[in-house]
Amino acid sequence: MKKICIVGTGYVGLPLAAGFANVGNEVTCLDLDEAKITDLKNGKIPIYEPGLEDLIKRNQKNFNFTTDVQQSIQNNDIIFICVGTPSCTDGSADLQYVLSVAESIGKYMNSCKIVVDKSTVPIGTADLVEETIKKQLLERKVHHNFHVVSNPEFMREGCAVEDVLHPDRVVIGTNDIPTGLTLKRLYEPFVLNGNPIIITDVRSAEMIKYASNCFLATKISFINEMANICEKVGANILEVRKGMAADHRIGDKFLYASIAWGGSCFGKDCNALLNISRNISEESLIVNATIQTNESRPKRFVDTMLSYLLPDQVTIWGTAFKPETDDIRDSASIKVIKLLLEHGIKVNVHDPMALENTKKIFGDNISYCESQYESLLKSDCLLLCTEWSVYRMPNWGLMKKLMFQHYIFDGRNQYDLKTVQEQGFNYISIGREPIKI
Ligand SMILES: NC(=O)c1ccc[n+]([C@@H]2O[C@H](COP(=O)([O-])OP(=O)(O)OC[C@H]3O[C@@H](n4cnc5c(N)ncnc54)[C@H](O)[C@@H]3O)[C@@H](O)[C@H]2O)c1
């Protein structure tokens, strides 16, 4: 059993805390957001993540939710920094939250600590965290040993609990062997299946995270560009995907053509790595192209729709950046809605989990529907933006009755071409022949 403090109870901090608590550790969850901590104390989980609520409730006795910075730092041996690292205007990662946690650690630490950078941070940030803590200790005129470790997180929203409990790999970046061993022990219960715990130097660990995320984003941007070509040459991207994915060197993961990738990580991490590469005169042309390809896609999707019709009212299915989350950060769907509003088009939206967060952006400018079918009433077309499973086998007959015109623009290639044709819909998907009735 270890005494662990998780700083930042967001999409990463909470699943991680639940995982550690589940294997018997005592976990303090510290956040400056009082409303979040009050909710958590009352058993209300502030984000939607499958299995999270259950895991936290089952391990209630191992949790302490608090806003008390001093107590959290002094009462725990291992402190995980899980705060946000959003983009600055130049694309670089904003480290103010990470460094403010480091400052608090230096201000309050009273014994030896292991400080773990879990947030995604630029290469060299562990050194900055160390300097920041040392500065505070110097001001206090006290000496305490501490080690700063880079331990990037690879969990996927929508299956974060599963990823915490069974990670593909754990990366621990440290130059101190005993610290590496302590963290290895902490993670061993999660890799009884033999998945690797990779202990490496700090800077390589920091780089592994950026390289991994940028590679995944590149894979999607690549298949999206292939889809653009398929549309012009009469090929079918799903057939192309099948043929490519059968090659083990390529694989079938992250090879689905779509409206665009989104979420809080890919965009900001690609921009951060691009910024880093430019600052050292090693600009990554691939990462730059990956970003640009992705940024062009929501407009391409809307322009495609406008090339078929000028709708009065449109229905959006899915505003979350992916299924099984309520997270709409950098969601392609949100970008599409903004473009539709610029064209003066009325917008109805449905999403199983993300309507509350969507309301925070659009307020009264769009209509929110609890039922996916109600959202279609009097619409000229449906834009499917997030591949929630509830959209997979729709009631075609009901859809036909509710909609004014029968157009579906499918940003996630959810439907079989023959089926939609038989049902009598105009159907325009990504990288496949359009169906016109
Ligand atoms: N979301 C993901 O899927 C994911 C996956 C891997 C890595 N990451 C990385 O993990 C980090 C956190 O991401 P997230 O999505 O969990 O962010 P988030 O915005 O959901 O959560 C961050 C939390 O930190 C809190 N916070 C900010 N400053 C604080 C402080 N000084 N003390 C205490 N709490 C503070 C905020 O109130 C918030 O609750 C980022 O660097 C991100 O890139 C995210």
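The values are calculated or read from the model by the stated rules, or taken from the named source; none is laboratory data. Everything numeric here is computed off the predicted structure, so don't read it as measured data. Note that each Cβ is placed from the backbone with ideal geometry, even for glycine, and that neighbours are counted across all protein chains shown. Surface accessibility is based on the protein's heavy atoms, side chains included, excluding ligands, DNA and RNA. Shrake-Rupley method; radii C 1.70, N 1.55, O 1.52, S 1.80 Å.
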Handout entry: Conditions (1) assigned to a loop (DSSP other than H, G, I, E, B); (2) more than 10 Å from the ligand (Cβ to nearest atom): number failed by Val115
Key = (1)
Exercise for the section: Taking Lys232 as the residue in question, decide whether it is more than 22 Å from the chain's Cα centre (by Cα), at negative phi and modelled with pLDDT of 95 or more. Expected result: yes
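Per-residue answers, yes or no, for (1) among the hydroxyl-bearing types (Ser, Thr, Tyr); (2) over 14 Å from Ile79 (Cα atoms); (3) within 13 Å of the ligand (Cβ to nearest atom):
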site	(1), (2), (3)
Asp90	no, yes, no
Gln96	no, yes, yes
Ser100	yes, no, yes
Glu103	no, no, yes
His143	no, yes, no
Ala160	no, yes, yes
Val191	no, yes, no
Asn195	no, yes, no
Practice task
Could you check, for the stretch 73-85, whether at least one of its residues is more than 11 Å from the ligand (Cβ to nearest atom), acidic (Asp, Glu) and more than 23 Å from Asp117 (Cβ to Cβ)?
Solution key: no
Completion exercise
Every listed condition ((1) more than 16 Å from the ligand (Cβ to nearest atom); (2) open to solvent by less than 10 Å² (accessible area, probe 1.4 Å)) holds for Asp327 save (1)
Exercise for the section: Might you check whether a residue that is open to solvent by 60 Å² or more (accessible area, probe 1.4 Å) and within 17 Å of Cys88 (Cβ to Cβ) occurs anywhere in the stretch 266-279? Expected result: yes
Handout entry: Leading residue by the ranking (nearest to Asn145 (Cα to Cα)) among those in the stretch 50-65 that are within 14 Å of the ligand (Cβ to nearest atom) and open to solvent by less than 20 Å² (accessible area, probe 1.4 Å)
Key = Phe65
Exercise for the section: Would you mind stating whether Ile6 is at pLDDT 95 or above, aliphatic (A, V, I, L, M) and farther than 28 Å from Phe266 by Cβ? Expected result: no
Exercise for the section: Those residues that are away from the ligand (no atom under 16 Å from the Cβ), part of a helix (DSSP H, G or I) and either among the aliphatic types (A, V, I, L, M) or touching a strand residue (DSSP E or B) at 6+ places or on another chain (Cβ under 8 Å) (or both), I need them from the stretch 6-26; list them, please. Expected result: Ala21
Practice task
Would you mind stating whether Leu341 is in contact (Cβ under 8 Å) with a residue 60 or more places away in the chain, among the aliphatic types (A, V, I, L, M), in contact with a helix residue (DSSP H, G or I) (Cβ under 9 Å, 6 or more places away or on another chain) and more than 30 Å from Phe222 (Cβ to Cβ)?
Solution key: no
Fill in the blank from the handout: Filtering the stretch 72-112 down to residues that are open to solvent by less than 60 Å² (accessible area, probe 1.4 Å), closer than 22 Å to Ile37 by Cβ, in a loop (DSSP other than H, G, I, E, B) and among the polar types (S, T, N, Q) yields Asn76, Thr85
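Condition test on Leu310, is it in contact with a His (Cβ under 9 Å, 6 or more places away or on another chain) and open to solvent by 10 Å² or more (accessible area, probe 1.4 Å)?
Yes; evaluated as a whole, the condition is true for this residue.
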Problem - Yes/no for Glu53 being on the phi < 0 side of the Ramachandran plot, under 22 Å from the mean Cα position of the chain (by Cα), of a type in the set (Asp, Glu) and in a loop (DSSP other than H, G, I, E, B) - result: no
Practice task
State whether the residues of the stretch 30-47 include one that is closer than 22 Å to Val164 by Cα, touching a residue at least 60 places away in the same chain (Cβ under 8 Å) and either open to solvent by 30 Å² or more (accessible area, probe 1.4 Å) or in a loop (DSSP other than H, G, I, E, B) (or both).
Solution key: yes
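With under 22 Å from the mean Cα position of the chain (by Cα) and polar (S, T, N, Q) as the only criterion, which of Ser100, Ser92, Ser104, Ser72 stands out?
None of the others qualify; the one that does is Ser92.
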Practice task
Being aromatic (Phe, Trp, Tyr) and surrounded by fewer than 14 Cβ atoms within 10 Å (Cβ to Cβ) is the filter here, so list the residues in the stretch 119-151 that pass it.
Solution key: none
